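Worksheet for the structure shown next.
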Amino acid sequence: MNILQDISKVILDSKKIGITYHVSPDGDAVGSALALLNGLRTLKKDAYLISKDIISENLQFLKGANEATGNLITPVDNTSIVVVLDCGNYERISADLDNFKGSIVNLDHHITNDKYGELNYVDIEAAATAEVVFELLELLGIDFNDENDDIRDIGTCLYTSLVTDTGAFRHSNVTFRTHNIAARLKKIGVNNTYIHQNLFDNKSFEKIRLIGKALNDMELLFDRKVALIKIPMAYGDELGIEIGDTSDIIAFGLQIKGVEVALLIKEIENGSKASLRSKDKFDVRNIAEKLGGGGHVKAAGITLKGIKLDEAKNKILEEIEKELL
């Protein structure tokens, strides 16, 4: 494990810095990456975003989000280091780094991180990778006591990460440090209402209809302890939208009295993608890892390539049933 201060020195000594995250980046991945991007630029460093993915619409309000066009997927010439954020294993990086001759810096908070970088800092006590980035930015020289637009832009990215990876501060991963960072960001003028509105109150009518269709077909299984939501690609075709992020849909499953686990499976071009969420002490990460996925105790995901939706459902429910017995 490399000390974060040592990593800050490597970054400061680097002339050109690429920044990326995991494929299908969520709020923590995007917020952490853009906070670091904007922070380094504030320090006059030559930093840029590498991304196979286009950042989802609900995160486009963050400064620099429009730079993820899906076109720049390899490091440009003379890049010294690439910082990978919130990504537990090399195969899930939203960039092609196979021919990169520089150093990879791996910053994360997932316990399952493979330590694939030349420099690795994985803080499993952090509620979000943003907590690591906040501390790194301070070491780099960013003063989070300054009340100016540049610092607020960075703070908005970090606060967004905290909100999304903690379920708006309701998950058990929230610590004193989480609230302390949020409080410091609020003190310099980060607008939490603006962030919440963009994240949660900015859905299209078609997305609301998608939510309705998904919930209408929801099932309760295993003595009503498991909520199952299935989203075939046909839903998106019918409504004329990209299905995209479904974290707001799976959340409804956990709101049901008596439900311990929510499982959402959506059909994708080459298979199925599943998300799992849990209450109390049920470890969905354990389920995900058995099927090639990963994540956290209460939030995990699996990509099942070449496996159709119903077959994926049966595989995952079989593992859940074993844990419930």
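The values are calculated or read from the model by the stated rules, or taken from the named source; none is laboratory data. Since this is a predicted model, take the numbers as computed values, not measurements. Using ideal geometry, Cβ is built from the backbone for each residue, glycine included, and neighbour counts are taken over all protein chains shown. Quick note on the areas: whole protein, heavy atoms, side chains included, nothing else; ligands and nucleic acids left out. Shrake-Rupley method; radii C 1.70, N 1.55, O 1.52, S 1.80 Å.
If packing is taken as the average count of other Cβ atoms within 10 Å, what order do 151-161, 256-266, 68-78 fall into, highest mean first?
The peptides rank, most packed first, as 151-161, 256-266, 68-78.
On a C-alpha basis, how far is the centre of the stretch 77-148 from the centre of the stretch 168-234 in Å? Whole number, if you could?
Using only Cα atoms to place each centre, the spacing works out to 25 Å.
Which of the three applies to the stretch 1-84, rounded, prolate or oblate, going by the alpha-carbon gyration tensor with a ≥ b ≥ c and a/c under 1.5 meaning rounded?
prolate
What is the packing order of peptides 277-283, 45-51, taking the mean over residues of other C-beta atoms within 10 Å and listing the highest first?
Order by mean packing, descending: 45-51, 277-283.
For Gly294, list long-range residues whose amide hydrogen, built 1.01 Å from N in the peptide plane, is under 5 Å from its own amide hydrogen.
Gly301
Multiplying the sequence separation of Leu220 and Ala168 by 0.36 nm and subtracting their Cα-Cα distance, what value in nm do you get?
16.2 nm
Taking all protein chains in place and a 1.4 Å probe, what share, in percent, of the accessible surface of the chain do carbon and sulfur account for?
Carbon-and-sulfur percentage of accessible area, whole number: 46.
For the pairs Lys273/Lys298; Lys52/Lys281; Lys52/Lys186; Lys52/Lys305; Lys186/Lys257, flag any whose C-alpha to C-alpha distance is greater than 24 Å.
Too far apart for the 24 Å limit: Lys52/Lys281; Lys52/Lys186; Lys186/Lys257.
Filter the DSSP H helices in the chain by two things, a Kyte-Doolittle mean of at least -1.0 and an axial alpha-carbon span of 15 angstrom or more, and list the hits by number.
27-42, 129-140, 149-165, 176-187, 205-216, 309-324
Let me know the shape class of the stretch 179-325, please: from the alpha-carbon gyration tensor, a ≥ b ≥ c as square roots of the eigenvalues, rounded when a/c is under 1.5, otherwise prolate if a/b is greater than b/c, or oblate.
Since a/c reaches 1.5 but b/c is at least a/b, the shape of the stretch 179-325 is classed as oblate.
Heavy-atom accessible area per residue, the chain, 1.4 Å probe: how many Å²?
47 Å²
Quick check: pseudo-label points 7 Å beyond the Cα along Cα→Cβ at Thr175 and Asn192, how many nm apart are they?
Inter-label distance under the simple model: 2.0 nm.
Karplus couplings for the stretch 266-276 from phi (6.51 cos²θ - 1.76 cosθ + 1.60, θ = phi - 60°), rounded to Hz, Gly and Pro as x?
Taking θ as phi minus 60°, the curve returns 10, 7, 10, 3, 10, x, 9, 10, 10, 10, 10 Hz for the stretch 266-276.
State the extension gain, in nm to one decimal, for the chain segment bounded by Glu147 and Glu311, taking 0.36 nm per residue of separation less the distance between their alpha-carbons.
Here the answer is 53.7 nm.
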